[in-house]
Amino acid sequence: MPDSATETYTSETIRLLENRVSIRKYTDEPVSDEMVEAVLRAAYRAPTSSNIQSYTTIVVRDPDTKQKLSVVAGNQKHVAETPVFLAFCVDLTRIDYALMKHQHNLHDNNMEVGLVSSVDVALVGMSAYLTAESLGLRGLMIGAVRNNAVASAEILGLPNRVYCLFGMCLGWPAEQPPQKPRMDIGATIHYEKYDADATLASLDTYDGALAEHYESIGKTTTPDSWTHDMDKKFHPPLRDKLREELKTLGFDFR
Ligand SMILES: Cc1cc2nc3c(=O)[nH]c(=O)nc-3n(C[C@H](O)[C@H](O)[C@H](O)COP(=O)(O)O)c2cc1C
């Protein structure tokens with residue numbers, strides 16, 4: 001794709017996404033309930049697999065709840081300090097009800113149910129993120145609620161068959177960090193067929209670009225920044241207890 005593509009074709013949405021960066025510091029200015037509701041109402045128009053609408057969002061403002069969630073999330077202080085925290089939950093209770101109403105049950109829910117319901121939540125979450133940005137809010141997704149899915153469920157009072165897939169800090173920005181470079185899109189966009197050579201060709205360059213970025217913001221890094229981070233993140237396996245925790249919460253992922 002030519003670099004000029006986003007210069008030729010631009011829109012407010014393209015500009016928002018082209019400029020976006022995760023924001024971890026917020027001003028004291030409140031985010032009204034009406035604003036959050038407007039964001040979520042728009043986000044809920046996201047496509048939903050077979051119309052399952054397998055999501056529930058919990059709007060958290062209580063400082064004690066945010067503090068507890070921040071501890072689960074590895075003491076991420078922005079979780080405690082954000083004006084509002086949205087907990088995006090995968091919710092199978094309504095599907096469970098639908099099946100029971102027709103003399104069946106969801107006891108044997110499988111990988112497909114787990115996958116499509118989680119995808120639905122991700123679509124709503126990103127739609128909410130983008131909608132919030134269109135109003136000038138800024139935010140950060142928080143996957144670390146899955147450090148302990150059961151503890152997050154307890155804090156949020158989630159019943160069986162509901163788990164928090166990720167959260168989102170939302171507020172008015174009090175920082176403007178530089179954007180984190182992305183991989184060359186030649187590696188991640190292929191045409192007609194998968195291109196295995198292109199996939200890996202620019203990773204060394206990306207390692208260097210990311211190292212340069214981290215150095216420029218004073219963050220400790222290594223010359224092989226991205227591959228090093230991925231190795232550190234996934235070896236040994238990340239959140240190894242998640243499958244068991246989700247099973248406890250009513251998700252089989254068989
Ligand atoms: C599902 C998801 C979960 C995330 N969880 C966290 C998190 O727990 N803590 C955090 O600081 N950033 C989190 N992030 C933000 C990513 O680290 C960030 O998007 C990525 O490093 C790229 O940086 P950028 O968003 O500024 O471009 C998460 C992002 C996503 C999509």
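The values are calculated or read from the model by the stated rules, or taken from the named source; none is laboratory data. Because the structure is a prediction, the values reported are computed rather than measured. Backbone-built Cβ (ideal geometry, glycine too); neighbour counts: all protein chains shown. Keep in mind that these areas ignore ligands, DNA and RNA; they rest on the heavy atoms of the full protein, side chains included. Shrake-Rupley method; radii C 1.70, N 1.55, O 1.52, S 1.80 Å.
Computed quantities for the displayed model
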item: Residue within the range 146-168 that is surrounded by fewer than 14 Cβ atoms within 10 Å (Cβ to Cβ), among the polar types (S, T, N, Q), touching a residue at least 24 places away in the same chain (Cβ under 8 Å) and not assigned by TED's automatic domain parsing to the domain that holds Arg61 present; result: no
item: Residues located in the range 61-95, provided they are buried (at least 19 other Cβ atoms within 10 Å of the Cβ) and more than 16 Å from the ligand (Cβ to nearest atom); result: Pro83, Val84, Asp91, Leu92
item: Test: Leu238 is over 30 Å from Tyr163 (Cα atoms), open to solvent by less than 90 Å² (accessible area, probe 1.4 Å) and either in contact with a strand residue (DSSP E or B) (Cβ under 7 Å, 6 or more places away or on another chain) or not assigned by TED's automatic domain parsing to the domain that holds Gly114 (or both); result: no
item: Lone qualifier among His102, His107 - being over 20 Å from Thr248 (Cβ atoms) and of a type outside the set (D, E, K, R); result: His102
item: Top-ranked residue in the range 21-35 [being within 16 Å of the ligand (Cβ to nearest atom) and part of a loop (DSSP other than H, G, I, E, B); ranked as least open to solvent (accessible area, probe 1.4 Å)]; result: Ile23
item: Helices (runs of 4 or more DSSP H) completely within the range 52-149 that count 2 or more residues being of a type in the set (A, V, I, L, M, F, W, C) and within 14 Å of Met168 (Cβ to Cβ); result: 111-134
item: Candidates Met126, Met141, Met111, Met100, filtered to the one that is touching a Gly at 6+ places or on another chain (Cβ under 9 Å) and either on the phi < 0 side of the Ramachandran plot or surrounded by fewer than 21 Cβ atoms within 10 Å (Cβ to Cβ) (or both); result: Met141
